[in-house]
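A.B. asks: Have a look at this one.
Read-outs: derived from the displayed coordinates by stated rules, not from any lab. Note that this is a predicted model, so its numbers are computed, not measured. Glycine gets a Cβ as well: all are built from the backbone with ideal geometry, and neighbour counts include every protein chain shown.
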Amino acid sequence: MAIEKYVTNCFVLESYDQSEHDRVYKLFTREFGLITAHAKSIRKLESKLRAHILPRSVSLVTLVQGREVWRLVGAEEQFMYEHGIHEATALLKRFIRGEGEHKVLYDRLIQFLKTTKNYDVKMVRVLLYYIFLVELGYADAKVIGAKNFKEYSTWSVDDLYTHLLLSYENVRSHVQEVMKEMQL
């Protein structure tokens, strides 16, 4: 019986050492959601994977699902974002629990990281929280100016930023209200 390999892009949220040469990674993938993957011997000097999977980066990984754990068998770093990645990984760790696909949220985050580096930092932070809360079903998509969720989902991050500029106070107060209701 052949072992099935899964190749997917992921956010590398964090890692921690396990035993002498191994490391465990928390990954947010488009198809599988939040998973924990074990990498054998990755801390050895001769490990080829070590430099290709760093926390707070986006990587293309090859995974094998074992009986109890995912195993990381290949990695290639795709992007290393400076702007917004720390906040995005913190929100992913805070809001996402367990496996389950989050394709729309994943795609929005990638688009967000690619397009917001030249925007106002304060505005970008509010927009990031708003995107998370709307995509996970906690916030109302109409607050930013969309007629309904369907229209909201067709907008690019640039469109969302433009609408945020027009309704910043409403969006900011809505995000604060939702976070207060969720007790976060």
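A.B. asks: Would you mind computing, in nm to one decimal, how far apart the modelled labels at V69 and E177 are, each placed 7 Å from Cα along Cα→Cβ?
C.D. replies: About 4.6 nm separates the two model spin labels.
A.B. asks: Same structure, new question: Straight-line reach from K142: which lysines have a Cα under 24 Å away, not including same-chain ones fewer than 8 places off?
C.D. replies: Straight-distance partners of K142: K103, K122, K150, K180.
A.B. asks: Helix 121-135 versus the longest principal axis of the chain: what angle, 0 to 90°, nearest 10, using Cα atoms?
C.D. replies: Helix 121-135 sits roughly 80 degrees off the main axis of the chain.
A.B. asks: Moving on to the next point. For the range 106-184, build the convex hull from the C-alpha positions and give me its volume per residue in Å³.
C.D. replies: Dividing the Cα hull volume of the range 106-184 by its residue count gives 86 Å³.
A.B. asks: Here's another thing I want to ask about it. Hey, rough spin-label estimate for L165 and E20, points 7 angstrom out along Cα→Cβ, what's it come to in nanometres?
C.D. replies: The answer from the label model is 5.9 nm.
A.B. asks: In whole Hz and in residue order, list the ³J(HN,Hα) couplings for the range 145-152 that follow from phi through the Karplus curve 6.51 cos²θ - 1.76 cosθ + 1.60, θ = phi - 60°; x for Gly and Pro.
C.D. replies: x, 7, 6, 7, 5, 4, 5, 4
A.B. asks: OK, next. Compute the helix-to-body angle for 168-181: its Cα long axis versus the longest principal axis of the chain, expressed 0 to 90° and rounded to tens.
C.D. replies: The two axes meet at around 60 degrees.
A.B. asks: Another one. Where the only charges are on Cβ atoms (+1 Lys, Arg; -1 Asp, Glu), what is the dipole of the chain about its Cα centre, to the nearest 20 debye?
C.D. replies: 260
A.B. asks: Between the helical axis of 157-166 and the dominant principal axis of the chain, each derived from Cα atoms, what acute angle in degrees is found, rounded to the nearest 10?
C.D. replies: Taking Cα atoms only, the helix is inclined about 30 degrees.
A.B. asks: For the chain, place one equal point scatterer on every Cα, skip the solvent, and apply the Debye formula. What is log10 of I(q)/I(0) at q = 0.09, 0.16, 0.18 Å⁻¹?
C.D. replies: Debye output, listed in q order: -0.36, -0.96, -1.14.
A.B. asks: Let me ask you something else. At 0.36 nm per residue, and after removing the present C-alpha to C-alpha distance, how many nm does the segment from E46 to D107 gain when stretched out fully?
C.D. replies: So the extension gain works out to 18.6 nm.
A.B. asks: From the phi of every residue in the range 92-107, what ³J(HN,Hα) in whole Hz does the Karplus formula 6.51 cos²θ - 1.76 cosθ + 1.60 yield, where θ is phi - 60° and glycine or proline is x?
C.D. replies: 4, 5, 7, 9, 9, 10, x, 7, x, 6, 9, 4, 5, 4, 4, 4
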